[in-house]
Amino acid sequence: MAQIDSTEKFQESQSVNLHEVTLHAAAQNQQQRLVHFYKTNTAATLEDILSRLPEINMIRRGAYGMEPTIRSFSSGQINVLMDGMRIHGACTDKMDPATIYIEPSNLESVQVTTGGKGFIHGSSIGGTLNMKMQEPAITKKGDVHGQFQSGYQSINHALYESLKLNYSGNRWAALATATYRKANNYKDGDKNEVAHSAFEKINYSLSVKHLLQPNLSLKTDFIGDDAFFIGYPALPMDVGYASARIASVTVNKKYERLNAVLKEWQVKGYYNYIRHFMDDTQRPNIPMHMDMPGNSRTMGFVGIVQVRPAKKHHIQWQTDIAKTRLYASMTMYPPNEAPMFMLTWPDNSRTQFGTGGTWTYTANQQFKLQLNTRVDHILTNLTTQEAKDHVSIFSHATNGTAYTTGNISIQGMYQFHPNWRWNTTAGYAERAPTASEQYGFYLFNSNDGFDYIGNPSLKKERAIQAETNIQYSKKQHRFSFTAHLSHIQDYVMGMIDTSFSTMTPGARGVKRYTQVSDATILGFEGSSAHQLFKHFNFIQTIKYTYALTLDHEPLPGIAPFKWITSAGYSKKKFMFRTEMEASAAQKRINLLSGEDVTNGFVLLHIRTGYQFPLGQMKLHVLAGVENILNKFYHEHNDWGNVPRSGRNVYTQLILHF
Amino acid sequence: MKRHILWMWAIVCTTSATFLFSCSKDDAPEADPTSGLHKISGGYATGSGLTVDVYSASPNVYTGYQRLSFLIKDSITGQVITETPITLHPMMDMGMMQHASPYENPAPVAINKLFKGSVVFIMPSTGGTWTLGVRVTHPVTGNTGTYSGTINVIEPTESKMKSFTSAFNGERYFVALIDPEQPKIGINDFEVAVYKRANMMSFPADSTLSVIHTPEMPTMGHGSPNNVQPVHMGKGHYKGKVNFTMSGFWRVHMDYMHGTEVADTTQYFDITF
């Protein structure tokens, strides 16, 4: 994966010019261009940007904290990494996917690698979402630059303040960011307030990079994130407080000699600590108060080398180890009675050791062959007697589990015409069940209304996958289309078990994680970008997934066909763009998972921006209207069918200095 | 080099110190068999030449099944007796009337100098006076005597002693909850002892009933999975498993059957932890 010079990137910053974006993305693929396009154009959260990528769909439980899925593969089936680091949410109800801890202002890029080649960083069957953090820019001594952003949204009276500062010394630089978001309850398309949708959080980061030698750098990163309140309208509880502390140290060495065998190596050590407290004190008519704290600690090491043993061969190899410890409990306080306590994640620890990489053989200018492989050994243990006592109620397997997973795929790239490129991947992938799937103890899923019980005896989930992609690119026109197919065996799913009685008041029953023999997920995604008459641009993406079990039952959580298109005009400092977001209805639903039919919808947005020079500085004013038609709608993967925002006017000031 | 030698010395010294210390532990004086137990009664068993001390694991004696330990000594030499038959005679004096209660005599051989038996106190001392008679025989002289002492029996906050009149045969049954003694989240041993009242002075163990237990959290309206129904293991003791999925207030409903006929379904044990 080509690295872009961070200095250049930083200065380029929040451009609205598609041409410029394309320029900087020269070595990137279509996906990176899209990330950049949406990143440069909105006051967006990371979730907004992700939701527009063709490979990604979001599961929504609240106004914040959406969970990304890659081609309908969700949390346990994909890796969500930050600069290659593993981060495990501390919430048993998946209210805190790792993406919640990243702000676009500290994001350099998002890399989505799908199925057959997305396991290099950890065995998975659905792919990897890696968020690459911005690095400090080492320019010249005393150089200070940065950016201040301030934004407002009308629909929930949301404030967004963000400051970014980069200071460069002679051989070192520091980058600091701080972001504050506060939002009240938003209104839906029928102008009704959506209760419990407010949130407030801050995010801050510091990254310091030293050049020990011209090509040897030492980088220390820290990200802190504190959410003081995050409302989850689709859940019976909100998040009262959540915090993340994410720290890493990275040493990187590059070898620039053209014929060098060793091109680059990197070693990273990291630690992160996530705490998450669910809270129902804001909710009316609570029969009894409930506390649900959880925490997650992950420590790991990642080593990467890039080797070019011969002119036509390139190898990137990664070896990593990570240990994650999880704990979550629930205490209910009935009036005049003893508190009721249980572990919802009985204390457990998972050690994952893996090694994998890609070997690329460039036969000639037209033809490239790539082999991807990865092996993991995953050990999971219950770490306390109390945890084992919990699990013993539903399983004899309390002495831990060990899985060895192997993944392999082969990819061929054929440039059969100067403008056309064809790319095909076939592979086999495996993943181990997650801690929740193994040891979850009455985890309430408010989408289907069932309590979930883990199953330590689950087998590996395995998939045979293929995808083919065709790309066209000629100066102002780009086009990409991908079709993919995954056939999954031992697909992990919750199945109703009537021998259990529900724990959560009002739950419909208890589901136990088990495996259905076969599931198939197939679909396509496409995107195109055109630059017309110099100043007009036209971008669109489509995505569709079709999924079913062996019994021809639709799989749950599958987003319907979606089409996002954007037509814009930009000239010098002015930008104007209209966007249309269209989603088909989803009638292929899984009734046992509590799904219902979701109607289709069409949304229109307008975005505009203008840049003023202010001496050495630049002031960038952005404004727009989202959901102009004030459509009342929700997406298929929105839990509880909670309606999304109605018409929203936003403004944003960005000062570059 | 000098530093290395210093380090090695440090390691050698620490290791040998640890070794010495752990060795000396083995020579510790013999532990008192009654340590950790509470003496609830004791005195001379008239005519036997023996003293009897009665110990319980808790400082208070509660209504229900009580495990008791007996320390028997020669009253002159103070020598601890480890082999002798012992019989128990619990008695409740309510003024107008008297009644006994179920009990289990200790085995004639002591375990770590203590004889282990049990008494099921079927009511608290608020209604009268409990006395426990312990009849012992001197293993050398063959002299026999009885020590009798009062015992103050307290009703616990959650009763572990239930009784019912069987709908099947009209007999009176007494059921004592033995386990879980220290309930926890997870799988718990479940043990009850069932006795039938033959007359006011005789409460033999009963093995004719079958016992079905159903744990429930009344506040939440849920139960728990994978419980193991108690089965008779001898001497009226029924053993099974009860699973608690969370801490708090549990009610274990008890159904007693006589074959296919219902003996009683109204009783339950409340367990809060």
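Summary table below
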quantity: Chain lengthening between A:Gln616 and A:Ser499 when straightened (0.36 nm per residue, less Cα-Cα); calculated: 35.0 nm
quantity: Reachable aspartates and glutamates from A:Lys571, criterion Cα separation under 20 angstrom, eight or more residues apart if same chain; calculated: A:Glu12, A:Glu20, A:Glu579
quantity: Cross-link table A:Lys209/A:Lys268; B:Lys39/B:Lys162; A:Lys164/A:Lys187, entries beyond 24 Å C-alpha to C-alpha; calculated: B:Lys39/B:Lys162; A:Lys164/A:Lys187
quantity: GNM result for chain B, Cα springs below 10 Å: residue of B:His213, B:His222, B:His258 fluctuating most strongly; calculated: B:His222
quantity: Linear extension gain, A:Trp563 paired with A:Gln365, 0.36 nm per residue minus alpha-carbon span; calculated: 67.9 nm
quantity: For the range B:125-224, convex hull volume per residue from C-alpha positions, Å³; calculated: 202 Å³
quantity: Delta accessible area of at least 30 Å² on complex formation, residues of the range B:228-271, 1.4 Å probe, chain isolated as reference; calculated: B:Thr245, B:Met246, B:Ser247, B:Phe249
quantity: Within straight-line cross-link reach of A:Lys254, aspartates and glutamates at Cα separation under 15 Å, skipping those fewer than 8 residues along the same chain; calculated: A:Asp5, A:Glu264
quantity: Full-extension gain in nm, A:Gln385 to A:Asp48, via 0.36 nm per residue minus C-alpha separation; calculated: 117.0 nm
quantity: Kirkwood-Stokes translational diffusion coefficient of the range A:124-184, alpha-carbon pairs, 4 °C, 1.567 mPa s, µm²/s; calculated: 92 µm²/s
quantity: With DNA, RNA and ligands ignored, accessible area of B:Asp179 (1.4 Å probe; Å², nearest 10); calculated: 30 Å²
quantity: Whole-Hz couplings from phi, Karplus 6.51/-1.76/1.60, listed for the range A:162-178; x for Gly and Pro; calculated: 8, 10, 9, 10, 10, 10, 10, x, 6, 10, 8, 7, 10, 10, 10, 9, 9
quantity: Chain B: calculated mean residue ellipticity at 222 nm from DSSP helix runs of at least 4, using -39500 (n - 2.57); calculated: -3000 deg cm²/dmol
quantity: Sum of -39500 (n - 2.57) over DSSP H runs of 4+, divided by residues of chain A (222 nm, nearest 500); calculated: -1500 deg cm²/dmol
quantity: In nm, spacing of pseudo-spin labels at A:Ala582 and B:Val262 (7 Å Cα→C-beta vector); calculated: 6.6 nm
quantity: Distance (nanometres) between label positions extended 7 Å along Cα→Cβ at B:His38 and A:Leu655; calculated: 7.3 nm
quantity: Kirkwood hydrodynamic radius of the range A:39-140, Cα pairs, Å; calculated: 13.9 Å
quantity: Rg/Rh (Cα only; Kirkwood hydrodynamic radius) as it applies to the range A:92-144; calculated: 1.15
quantity: Cα-based convex hull volume of the range A:345-387 per residue, rounded to whole Å³; calculated: 59 Å³
quantity: The range B:123-229: trypsin sites (Lys or Arg not before Pro) in DSSP coil with no more than 16 other Cβ atoms inside 10 Å; calculated: B:Lys184
quantity: Spread of Cα-to-Cα distances over 10 Å intervals beginning at zero, given as percent, for the range A:118-270; calculated: 10, 25, 28, 22, 11, 4, 0
quantity: Evaluated over the range A:441-506, the Cα radius of gyration and Dmax, each in Å; calculated: 20.8, 63
quantity: Entries in A:Lys587/A:Lys631; A:Lys117/A:Lys573; A:Lys117/A:Lys474; A:Lys140/A:Lys201; A:Lys94/A:Lys253 that, when Cα-Cα distance is taken, lie over 32 Å; calculated: A:Lys117/A:Lys573; A:Lys140/A:Lys201; A:Lys94/A:Lys253
quantity: Rounded FRET efficiency, nearest 0.05, which uses the C-beta distance separating A:Val144 from A:Lys191 and R0 of 51 Å; calculated: 0.65
quantity: Sequence-distant aspartates and glutamates (8 or more away, or on other chains) whose Cα lies within less than 12 Å of A:Lys459; calculated: A:Glu430, A:Glu437, A:Asp490
quantity: Simple spin-label estimate for B:Ile111 and B:Thr165 in nanometres, 7 Å along Cα-Cβ; calculated: 3.9 nm
quantity: Bins of 10 Å from zero: percent of alpha-carbon pairs in chain B; calculated: 6, 24, 26, 20, 11, 7, 4, 2, 0, 0
quantity: P(r) weight above 55 Å for the protein assembly as shown, C-alpha pairs, percent; calculated: 31 percent
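The values are calculated or read from the model by the stated rules, or taken from the named source; none is laboratory data. From a predicted model like this one, the values you see are computed outputs, not experimental measurements. Neighbour counts are summed over all protein chains in view; Cβ atoms, including those assigned to glycine, are modelled from backbone coordinates with ideal geometry. Just the protein is used for accessible areas: all its heavy atoms, side chains included, with ligands, DNA and RNA removed. Shrake-Rupley method; radii C 1.70, N 1.55, O 1.52, S 1.80 Å.
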